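Trainee: Pasting a structure here, questions to come.
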């Protein structure tokens with residue numbers, strides 16, 4: 001799978017800048033490549049689709065954060081650590097998304113996720129995850145806690 005096969009669209013983040021009523025941010029990832037491999041990566045050993053708790057979402061910066069930095073957004077299998085998918089994105093855009101998810105989480109019920117990830121295959125919905133965590137790593141692989149979305153009470 002190639003990063004070019006993925007597109008990412010973000011929704012419900014503008015309320016942060018306009019100081020409007022918070023709404024749950026969402027990210028829609030569409031895959032236009034050969035679907036078989038992505039389906040396999042999103043399926044557990046039991047033949048069922050992975051659940052939200054079996055996946056992690058992260059941003060890995062490609063340069064130091066104080067520069068115009070690009071990053072790689074990834075979804076990984078939490079149990080095996082294998083990459084399910086990854087795509088290039090502007091780091092500032094991703095950090096703005098995390099800020100919206102953090103703000104939404106301050107208003108949302110405790111059992112509600114802070115953001116939603118929708119993965120589609122050639123425009124057809126495939127899986128949706130309600131997520132609470134989004135980890136950010138610098139260009140050397142160190143966790144940037146202050147930029148990450150980590151629910152209170154969670155130790156990494």
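Trainee: Could you figure out which of (1) over 16 Å from the mean Cα position of the chain (by Cα); (2) part of a helix (DSSP H, G or I) isn't true of residue 109?
Mentor: Single failed check for residue 109: (2).
Trainee: Would you please name the residue that is farthest from residue 71 (Cα to Cα), looking only at residues in segment 144-156 that are loosely packed, with under 13 Cβ neighbours inside 10 Å and without any contact (Cβ under 8 Å) to a residue 24 or more places away in the chain?
Mentor: 153
Trainee: Quickly run through segment 109-129 and pick out the residues that are surrounded by fewer than 16 Cβ atoms within 10 Å (Cβ to Cβ) and in contact (Cβ under 8 Å) with a residue 24 or more places away in the chain.
Mentor: 112, 122, 123
Trainee: Can you confirm whether segment 136-143 contains a residue that is touching a strand residue (DSSP E or B) at 6+ places or on another chain (Cβ under 6 Å), modelled with pLDDT of 95 or more and either surrounded by 19 or more Cβ atoms within 10 Å (Cβ to Cβ) or over 29 Å from residue 64 (Cα atoms) (or both)?
Mentor: Checking segment 136-143: at least one residue is touching a strand residue (DSSP E or B) at 6+ places or on another chain (Cβ under 6 Å), modelled with pLDDT of 95 or more and either surrounded by 19 or more Cβ atoms within 10 Å (Cβ to Cβ) or over 29 Å from residue 64 (Cα atoms) (or both).
Trainee: Residue check, residue 73 against (1) crowded, with 18+ Cβ neighbours inside 10 Å; (2) over 18 Å from residue 5 (Cα atoms); (3) touching a helix residue (DSSP H, G or I) at 6+ places or on another chain (Cβ under 9 Å), all met but one. Which one?
Mentor: Here residue 73 meets the rest and fails (2).
Trainee: So, of the residues in segment 102-118 that are touching a strand residue (DSSP E or B) at 6+ places or on another chain (Cβ under 9 Å) and over 26 Å from residue 4 (Cα atoms), which turns out to be modelled with the lowest pLDDT?
Mentor: Filtering segment 102-118 for residues that are touching a strand residue (DSSP E or B) at 6+ places or on another chain (Cβ under 9 Å) and over 26 Å from residue 4 (Cα atoms), the one modelled with the lowest pLDDT comes out as 112.
Trainee: Can you confirm whether residue 57 is at pLDDT below 95 and either surrounded by 13 or more Cβ atoms within 10 Å (Cβ to Cβ) or over 15 Å from the mean Cα position of the chain (by Cα) (or both)?
Mentor: On the way: at pLDDT below 95: no; either surrounded by 13 or more Cβ atoms within 10 Å (Cβ to Cβ) or over 15 Å from the mean Cα position of the chain (by Cα) (or both): yes.
Answer is no for this residue.
The values are calculated or read from the model by the stated rules, or taken from the named source; none is laboratory data. These figures come from a predicted structure and were not determined experimentally. All Cβ positions, glycine included, derive from the backbone under ideal geometry; neighbour counts span all protein chains shown.
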